[in-house]
Amino acid sequence: MATIMRLLLSLIVLTALNLPAQEAPPALTEYLGRQIAQTMHWKGAEWLMRRVREQEEGPSKMREQLRVKPGMVICDMGCGNGYHTLPLAEMVGEKGKILAVDVQPEMIEMLRQNIERKGLKNIEPINGLYHDPMLPPNSCDMILLVDVYHEFSHPVQMLAGMRAALKPEGQLVLVEFRAEDDSVPIKPEHKMTKEQINKEMNANGFELKREYDGLPWQHLMFFGKTAE
């Protein structure tokens, strides 16, 4: 609610001053030698909830590796219909909070319905922009990106926005399908190598702090902010 109010206030101020809202820069199709994938359409949301996902990706094991503590503020960036959002909300508890961001309003609506069914009160859905995560500065202990970073059409702007949203010791966590492994049955543009991930993170003010190689198909990499 607070994020929505800030956005509305900004629009009111711009209107009063007769100033245009900031336009998004042109979308990229390639970044640092990598082809940027198309965003998964909201009509494919059921695939996110498929029963075999636990076997294929080990999401429960992934969430264990996050080392979530009660009271944390975590952003689920590219949350979709809430596959990770809902269990994370239970993990942070009543004193914690989940900021659930997605650029597709249809995904946000499905998320709201799932939140209502679960009766959870500590999730804030946020309709982000392709070039702006719409996160408050210095607000997040962790920003989790599961199979979503490779789809960013504005990676530089998004990483800058997320970097600003992280607390000083906050972590940016990337989960990406392994491009080094031909047996992972995912389209090449939806996969990334560790080398490419590190290249892009290092170029935008992040450094690798920890990694976990025990997931069936994906890399799990934890990044902190580099010193100014």
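The values are calculated or read from the model by the stated rules, or taken from the named source; none is laboratory data. Note that the structure is a prediction, hence the values are computed from the model and not measured. Glycine also receives a Cβ, built like all others from the backbone with ideal geometry; neighbour counts cover every protein chain displayed.
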Can you spot a residue in segment 143-155 that is among the hydrophobic types (A, V, I, L, M, F, W, C), in contact with a strand residue (DSSP E or B) (Cβ under 8 Å, 6 or more places away or on another chain) and over 19 Å from Ala37 (Cα atoms)? yes
Matching residues, segment 73-99, being basic (Lys, Arg) and over 17 Å from the mean Cα position of the chain (by Cα): Lys95
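Per-residue answers, yes or no, for (1) of a type outside the set (Ser, Thr, Tyr); (2) more than 16 Å from the chain's Cα centre (by Cα):
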position	(1), (2)
Ser183	no, yes
Lys187	yes, yes
Asn202	yes, yes
Phe223	yes, no
Restricting to segment 168-189, what's the tally of residues that are farther than 19 Å from Gln38 by Cβ, surrounded by fewer than 17 Cβ atoms within 10 Å (Cβ to Cβ) and touching a residue at least 40 places away in the same chain (Cβ under 8 Å)? 2
Select, from Met192, Met162, the only residue that is over 21 Å from Asn138 (Cα atoms), aliphatic (A, V, I, L, M) and surrounded by 13 or more Cβ atoms within 10 Å (Cβ to Cβ). Met192
Looking at segment 50-77, I want the residues that are farther than 29 Å from Leu129 by Cβ and have a partner that is modelled with pLDDT under 95 and in a strand (DSSP E or B) with Cβ atoms under 8 Å, at least 6 apart or on another chain. Which pairs are those? none
Counting only residues that are under 30 Å from Lys199 (Cα atoms), modelled with pLDDT of 95 or more and not acidic (Asp, Glu), give me the helices (runs of 4 or more DSSP H) lying completely in segment 10-111 with at least 3 of them. 59-65
How many residues of segment 115-133 are surrounded by fewer than 19 Cβ atoms within 10 Å (Cβ to Cβ), touching a residue at least 24 places away in the same chain (Cβ under 8 Å) and assigned to a helix (DSSP H, G or I)? The answer is 1
Ser153: touching a residue at least 60 places away in the same chain (Cβ under 8 Å) and among the hydroxyl-bearing types (Ser, Thr, Tyr), yes or no? yes
